[in-house]
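*Asks:* Structure in structure tokens, see below.
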Amino acid sequence: MSAFFRVGFACPFAVLCILVETNICISQTGSESVTDQASIESSELIEACLVTMEAIDKGDLLAKEVIRYDTVNLVRPNEVAEAYIETIFHRFVFDRTAQRYLYVRNLVRKTEHIPLDDAGVVIPPTTYFETRGIVINQQGIFVREFPGQAVKLRNGLTPDEVFWEHRVLDFRVAGFANMRNSPLYQNRNAYYSQVISSVSSVSKIVRNASNTEILLEFPMAGRGTSDIRQTTRFVIDPNRFVLKELAKDAMNHDSLVPTRHRIARDTIEWTELDGNPVPDKVVKRSPMSKKVGDRKVAVMIETEYDFHWFSVNQEIESARFDEEVLTGNINELVRLADPKLTGALTLIAK
């Protein structure tokens, strides 16, 4: 038996209108109907979130990224702990329709080595600086990596290929993927398919006025019939169609009291500019394997992104994308990603 199912979203802005018609297989008990409808609704909500971000066709933003981790609580006596912090400012001016882009990145990476005993070997801290810029316009693709000079890349390269190679920040995948390794730069269709199919087996949907939660639970990969299961939780704003949280946990049911272990969590705070929802702050927590002495330990990395938006979907003068931006004094390039000199004062105190 089949039934016709139609879902329409009331959109807060005209560019996002999703109307889906599909056939749903209904079992005699009706249980498959509930499951299928939940999966279809979840897929449509996820796709709506992806479309929301791609609706931003033009913009000018400055983002501050801070990456932190340390191994102080993970090392043994006579081992050396490591404290790491990386601060990056990303300036991104874009007009996707006209295929014009300006990207500037200023990076400072500091690593401190902390011996846990007085006799430990003192290792001086290391600091690394980087400035690079990219301009894409009708004349070609130009890249400058300090201290080198600007160079024009060979013809035939696409903006996405250059952005992938240089790890250009991509706010459109906030929460769903690593913004500095954006899958949108490689294959948009594959990215959409992968994200949407990730909610094909929904365990439960919980709704209220401000949030829609999509919950999934399945065995941990490689653990066979173990009672350890992974849960994934999407939290979506059903009014603006944006992702607010994505959390992954391991649940161990092999005990009298089930225990939860956090695997990773992304939270996204949003603001509106000219009627468009845009990310304001993104916090990512995820584990990384780190070698300490002769062994490996799991280190939790925290990455924070704060955004300052100068404009969204407003016309941008073509002069902003002139390759001469890269050929002048390097200090002028650095200034473009400086929050004080650009007036992005909201990033200074963060």
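*Asks:* Which lysines does Lys340 reach when only Cα atoms under 20 Å apart count, and residues fewer than 8 places away in its own chain are ignored?
*Replies:* Counting by Cα, and skipping residues close in sequence, Lys340 has these lysines nearby: Lys64, Lys281, Lys350.
*Asks:* I need the phi-derived Karplus couplings for segment 36-51: 6.51 cos²θ - 1.76 cosθ + 1.60, θ = phi - 60°, integer Hz, Gly and Pro marked x.
*Replies:* Along segment 36-51, the couplings run 5, 5, 4, 5, 5, 4, 4, 4, 5, 5, 5, 4, 4, 5, 5, 5 Hz.
*Asks:* ³J(HN,Hα) across segment 333-347 via Karplus (A = 6.51, B = -1.76, C = 1.60, θ = phi - 60°), whole Hz, x for Gly/Pro?
*Replies:* Using θ = phi - 60°, the values come out as 5, 4, 4, 5, 10, 9, x, 5, 6, 9, x, 8, 5, 5, 8 Hz.
*Asks:* Additional query: Quick check on segment 58-176: what does the Kirkwood estimate of hydrodynamic radius come out to from the alpha carbon pairs, in Å?
*Replies:* Numbers: mean 1/r = 0.0591 Å⁻¹.
Here the Kirkwood hydrodynamic radius works out to 16.9 Å.
*Asks:* Please report Ile316, Ile330 as a ranked list, fewest other C-beta atoms within 10 angstrom at the top and most at the bottom.
*Replies:* Going from least to most buried by this count: Ile330, Ile316.
*Asks:* So, one more: Mean separation of Cα pairs under 8 Å and 6+ residues apart, divided by the residue count of segment 40-139: what relative contact order is that in percent?
*Replies:* 24 percent
*Asks:* Excluding residues fewer than 8 places away in the same chain, name every one of the lysines whose C-alpha is closer than 21 Å to that of Lys291.
*Replies:* Lys110
*Asks:* Another one. Dividing the Cα radius of gyration by the Kirkwood radius, what Rg/Rh value follows for segment 265-349?
*Replies:* My calculation of the ratio gives 1.13.
Here, each number is a calculation from the coordinates, and none is a lab measurement. All values derive from a computational prediction rather than experimental measurement. Because the Cβ atoms are built from the backbone with ideal geometry, glycine has one as well, and the counts that use them run over all protein chains shown.
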